[in-house]
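The structure under discussion appears below in the form of structure tokens.
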Amino acid sequence: MSIELDWSFSRPFRSIFRLFFAVFTIFSFKRIIPIFIAILSTNSSSGDIGLIGLAVMGQNLILNAADHGFTVVAYNRTVSKVDDFLANEAKGKSIIGAHSIEELVANLKRPRRIVILVKAGKPVDAFIEQLLPHLEKGDIIIDGGNSHYPDTNRRYEELKDKGILFVGSGVSGGEEGARHGPSLMPGGHPDAWPHIKEIFQSISAKSDGEPCCDWVGDAGAGHYVKMVHNGIEYGDMQLICEAYDLMKRVGKFSSKEIGDVFAKWNKGVLDSFLIEITRDIMYFDDPTDGKPLVEKILDTAGQKGTGKWTAINALDLGMPVTLIGEAVFSRCLSALKSERERASKVLTGPSEDEQSPITDKQKFVDDLEQALYASKIISYAQGFMLIREAAKEYGWKLNNPAIALMWRGGCIIRSVFLGEITSAYRENPDLENLLFHPFFQDAVVKAQKGWRSTIGKAVEYGVPVPAFSTALSFYDGYRSAQLPANLLQAQRDYFGAHTFQVLPGQENDFLKKGEWIHVNWTGRGGNISASTYDA
């Protein structure tokens, strides 16, 4: 039996099919198919977290998250990078490629969690604008780049008004950290933390079994702490460079000998990632002639601004974060290469007959180790002073023990030393200054002789040690009950009628307690004083 079908009823469907194929003649399969996939997947979203930006850090964080059992949706503005990533590094892993913002969002579970890992500044704002039409209240946007914290504060407020939970998270550790466990410093809308905690703490580095990630505080607190981390990183690197320079120019050590010193230091109190990589650098030779590669590198240092941000913020808050400031200025000085070369030909320093030779190399190295350790303590003490003041200024309740723990592993400044800072803040979360804790007091006292001897030797030989010197100057200033600012204030009152207050115990009928006093120092001035304030 044969059956004949009447196709007349299907004319409307034929029209739909014609329209469908017409669309395909206008748009390529590559553009139209993801939209259909996004529509079909709206009710079956499987992505735990999305990530925008497939540069080195982005790719490695995605692979890290996939290794920990999370499904990641990956998107990049240049969509060919998505396909390349899926075909190579991400092949066979729980990673979904998205070719549009719509597809990215559609593939995510609610509340949607999306990490933006692109260049700081306008690109972050641009991606936020692209995301907003596709998000709903309660969704979470996470900026994992090196954004300046004022930008994070602004984005936090703007998105809070739209019902979007914004997080600014510091990410440290470089390529290796991103792949195997970075230090993560999230801050922002507190309602976001319960939804990202498991993912963040799973993929972060671990120190003694504890994740190097915890909630930092509100608004831009996460990026602020990352900024200070980077400033301390500047200081650590400058201190190590000064130690290297002293061994080379004063001790006349070879690169191999310097490498041996760093190798030994990495087994003691200075055990850290930066000491470790410095050891490796000193051992690395140019394969063409076997000479130390480090000695062939142009002595001009670059910087991307985070150290400068820290120094500027320290000035704004009136905090004497001198070591980070000197580290930034040292990079600026290094950039004046041609000018320094000209100066070297006309400006002289100490002559050789004024320099006492190093007869005991081991004592020289031991003193240098103490100088480096003590200066490092000062740098971290200053960094936490700045964090403490920022908490007051911006109304943040910061988690100091957690901050120290976050820096113990995964990040560039990770070190054994940070374990002591974690312990100190766990013992007393409101610790005013690390130098008030017995461990650090004892360490600095023991290091003092070698510290001063090292700086003296540098001065004798004319070798610049701005970071070592400013650390010791800060220490000596901080432990001084009286500073010469009394004269400075008298000078200000003399030329500008800026007034002063009397030293406690020196009050009389002329110098009254609690009053701002102006003196007619010359007999020719008036009695009108300027208003008193601190900028």
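Selection of region 473-484 for residues being small (G, A, S) and either in contact with a strand residue (DSSP E or B) (Cβ under 8 Å, 6 or more places away or on another chain) or open to solvent by 60 Å² or more (accessible area, probe 1.4 Å) (or both) yields S473, A481.
Scanning region 183-214 for residues that are in a loop (DSSP other than H, G, I, E, B) and either closer than 14 Å to C411 by Cβ or under 16 Å from the mean Cα position of the chain (by Cα) (or both) returns S204, A205, C212, D214. In region 389-410, of all residues being outside any helix (DSSP H, G or I) and within 19 Å of Q201 (Cβ to Cβ), the one that is nearest to the chain's Cα centre (by Cα) corresponds to W407. Among the conditions (1) in a helix (DSSP H, G or I); (2) among the aliphatic types (A, V, I, L, M); (3) in contact (Cβ under 8 Å) with a residue 24 or more places away in the chain, A424 misses just one, which is (3). Could we say that K446 is in a helix (DSSP H, G or I), open to solvent by 100 Å² or more (accessible area, probe 1.4 Å) and not aliphatic (A, V, I, L, M) here? The answer is yes for K446. Tell me, please, whether a residue that is farther than 26 Å from S183 by Cβ and surrounded by 17 or more Cβ atoms within 10 Å (Cβ to Cβ) can be found in region 150-161. Taking every residue of region 150-161 in turn, none turns out to be farther than 26 Å from S183 by Cβ and surrounded by 17 or more Cβ atoms within 10 Å (Cβ to Cβ). What single numbered condition from (1) surrounded by 15 or more Cβ atoms within 10 Å (Cβ to Cβ); (2) under 29 Å from D316 (Cα atoms); (3) out of contact with any Phe, Trp or Tyr (no Cβ under 8 Å at 6 or more places or on another chain); (4) touching a residue at least 60 places away in the same chain (Cβ under 8 Å) fails to hold for L184? For L184, the exception is condition (3). Out of all the residues in region 392-404, is one or more within 15 Å of I232 (Cα to Cα) and modelled with pLDDT of 90 or more? Yes, region 392-404 has at least one match. Going by what's in this entry, would S272 be described as at pLDDT 95 or above, surrounded by 17 or more Cβ atoms within 10 Å (Cβ to Cβ) and either among the small types (G, A, S) or in contact with a Cys (Cβ under 8 Å, 6 or more places away or on another chain) (or both)? Spelling it out, it is not the case that S272 is at pLDDT 95 or above, surrounded by 17 or more Cβ atoms within 10 Å (Cβ to Cβ) and either among the small types (G, A, S) or in contact with a Cys (Cβ under 8 Å, 6 or more places away or on another chain) (or both). If the condition is being modelled with pLDDT of 95 or more and open to solvent by 50 Å² or more (accessible area, probe 1.4 Å), then region 187-213 contributes P190, D191, P194, H195, K197, E198. Tallying residues that are buried (at least 23 other Cβ atoms within 10 Å of the Cβ) and either among the β-branched types (V, I, T) or within 13 Å of Y380 (Cα to Cα) (or both) within region 234-245 yields 4. State whether one or more residues within region 371-385 are at pLDDT 90 or above and more than 22 Å from P438 (Cβ to Cβ). Looking for residues that are at pLDDT 90 or above and more than 22 Å from P438 (Cβ to Cβ), one finds none in region 371-385, hence no. The residues listed here are D245, D260; of these, the one that is in a helix (DSSP H, G or I), of a type outside the set (G, A, S), within 23 Å of Y461 (Cβ to Cβ) and in contact (Cβ under 8 Å) with a residue 40 or more places away in the chain is D245. Taking region 281-388 as the region of interest, the helices (runs of 4 or more DSSP H) fully inside it that hold 1 or more residues being acidic (D, E) and open to solvent by 70 Å² or more (accessible area, probe 1.4 Å) are 306-317, 337-346. In a helix (DSSP H, G or I) and without any contact (Cβ under 8 Å) to a residue 60 or more places away in the chain - does that describe any residue in region 226-240? No, that holds for no residue. Of the candidates S183, S172, the single residue that is of a type in the set (S, T, N, Q) and more than 28 Å from V465 (Cβ to Cβ) is S183. Taking first residues from region 265-285 that are farther than 11 Å from R414 by Cβ and partners that are open to solvent by 50 Å² or more (accessible area, probe 1.4 Å) and in a helix (DSSP H, G or I), the Cβ contacts under 8 Å between residues at least 6 apart in sequence or on separate chains come to N266/E276; N266/R279; I281/L293; M282/K256; Y283/K256; F284/L293; D285/L293. Residue count for region 101-112, restricted to those that are touching a His at 6+ places or on another chain (Cβ under 7 Å) and surrounded by fewer than 24 Cβ atoms within 10 Å (Cβ to Cβ): 3.
The values are calculated or read from the model by the stated rules, or taken from the named source; none is laboratory data. Every value quoted in this text rests on a predicted model; they were computed, and no experiment measured them. Cβ coordinates were reconstructed from backbone atoms using ideal geometry, including for glycine residues, and neighbour counts include every protein chain displayed. Side chains are part of the model used for accessible areas, which takes the heavy atoms of the whole protein and leaves out ligands, DNA and RNA. Shrake-Rupley method; radii C 1.70, N 1.55, O 1.52, S 1.80 Å.
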